[in-house]
Amino acid sequence: MVFESSQIKGVLFDLDGTLINSEWLGTESYNYGIQKILNKELTKSDKQYLLGKPFNALNDLFPFLTVTETEKIIAETLGYYRKYHHQIKEYEGIKEMLQGLKNKGYKLGLVTAKLKNNATKELENTGLFPFFEVIMRKEDCYEFKPSPVPLLQLAEKLNLKPIECLYIGDQPTDIQATHSANMISVAALWGEGKMERLCPLNPNYLFKSPKQLTKLLS
């Protein structure tokens, strides 16, 4: 997609693995819950699949789960997560990047499949909450990435057209959703994002540092 930086009015973000280093705890928590209820370990590919996805992804991996088993796994997973999520921090340079974008007049939005209480707590703990005009959590989304719907919902709430938005994420589902939404895509490689997984999806940009985003939109 060819674009001029002057057309961008809004910068939209994923949360986990893009702004904050929370994905390690997410996979640890899933593993704890599954160990506790199913007495089995998640494989490396299982952990990769669950990154950044809502709880219904459990049924994709384990279609044999009963409703009761699923509810128990979720309860154990959330309990473990909430016990340790005070350890989550923002990545280096994130606050400076967000402040720089706000100073330039960009509208900032965030969309995550994370539950409202968890997302809000982590944004408050890291001091990132005040930067965003609109924050969409699991409860606010009609669909989840790789569907473009949550990105389009966020753009609408910011009173922006998709073509006026740039979206940053660290997972293949982020880039897929951005392409489908007809937005500019940035793959974040400073956290959990891996070049070998993101490059084949042809994001508009692959950035190794938040400073590169600030420079692009200067």
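Of all residues in the range 20-63, those being under 23 Å from Arg137 (Cα atoms), of a type in the set (Lys, Arg), touching a residue at least 24 places away in the same chain (Cβ under 8 Å) and assigned to a helix (DSSP H, G or I) number 0.
When the range 65-95 is filtered for residues that are in contact with a Pro (Cβ under 7 Å, 6 or more places away or on another chain) and of a type in the set (Gly, Ala, Ser), only Gly93 remains. When residues in the range 1-28 are screened for being closer than 24 Å to Leu128 by Cα and out of contact with any His (no Cβ under 9 Å at 6 or more places or on another chain), 19 of them pass.
Conditions tested, residue by residue: (1) of a type in the set (Val, Ile, Thr); (2) in contact with a strand residue (DSSP E or B) (Cβ under 9 Å, 6 or more places away or on another chain).
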{"residue": "Lys36", "(1), (2)": "no, no"}
{"residue": "Ser45", "(1), (2)": "no, no"}
{"residue": "Val67", "(1), (2)": "yes, no"}
{"residue": "Glu76", "(1), (2)": "no, no"}
{"residue": "Ile94", "(1), (2)": "yes, yes"}
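Within the range 167-198, if we keep just the residues that are under 10 Å from the mean Cα position of the chain (by Cα) and among the polar types (S, T, N, Q), the residue that is farthest from Gln48 (Cα to Cα) turns out to be Thr173. Restricting the range 1-27 to residues that are charged (D, E, K, R) and over 17 Å from the mean Cα position of the chain (by Cα), the residue that is nearest to Pro162 (Cα to Cα) is Lys9. In summary, strands (runs of 3 or more DSSP E) completely within the range 64-179 and bearing 1 or more residues that are more than 20 Å from Leu206 (Cα to Cα) and free of Cβ contacts under 8 Å to residues at least 60 places away in the same chain occur at 134-136.
Here Glu192 passes the criteria (1) under 13 Å from Asp14 (Cβ atoms); (2) modelled with pLDDT of 95 or more except the one numbered (2). For the range 9-53, name all the residues that are surrounded by fewer than 21 Cβ atoms within 10 Å (Cβ to Cβ), farther than 16 Å from Asn118 by Cα and either of a type in the set (A, V, I, L, M, F, W, C) or in the same structural domain as Gly93 (by TED's automatic domain parsing) (or both). Result: Lys9, Ile37, Leu38, Leu42.
Name the residue that is modelled with the lowest pLDDT, counting only residues in the range 41-93 that are within 25 Å of Leu19 (Cβ to Cβ) and of a type in the set (Lys, Arg). Per the stated criteria, the residue is Lys53. Listed by first and then second residue, the pairs with beta-carbon distance under 8 Å, at least 6 apart or on different chains, first residue in the range 196-212 and among the small types (Gly, Ala, Ser), second part of a loop (DSSP other than H, G, I, E, B), are Ser209/Gly93; Ser209/Trp190.
For the range 161-218, a residue qualifies if it is out of contact with any Leu (no Cβ under 9 Å at 6 or more places or on another chain), surrounded by fewer than 17 Cβ atoms within 10 Å (Cβ to Cβ), closer than 22 Å to Glu4 by Cβ and not polar (S, T, N, Q), and the qualifying residues are Lys161, Ile163, Lys211, Lys215.
The values are calculated or read from the model by the stated rules, or taken from the named source; none is laboratory data. Treat the numbers as computed from the prediction; the structure is a model and nothing was measured. Every residue, glycine as well, gets a Cβ built from its backbone with ideal geometry; the counts of neighbours run over all protein chains shown.
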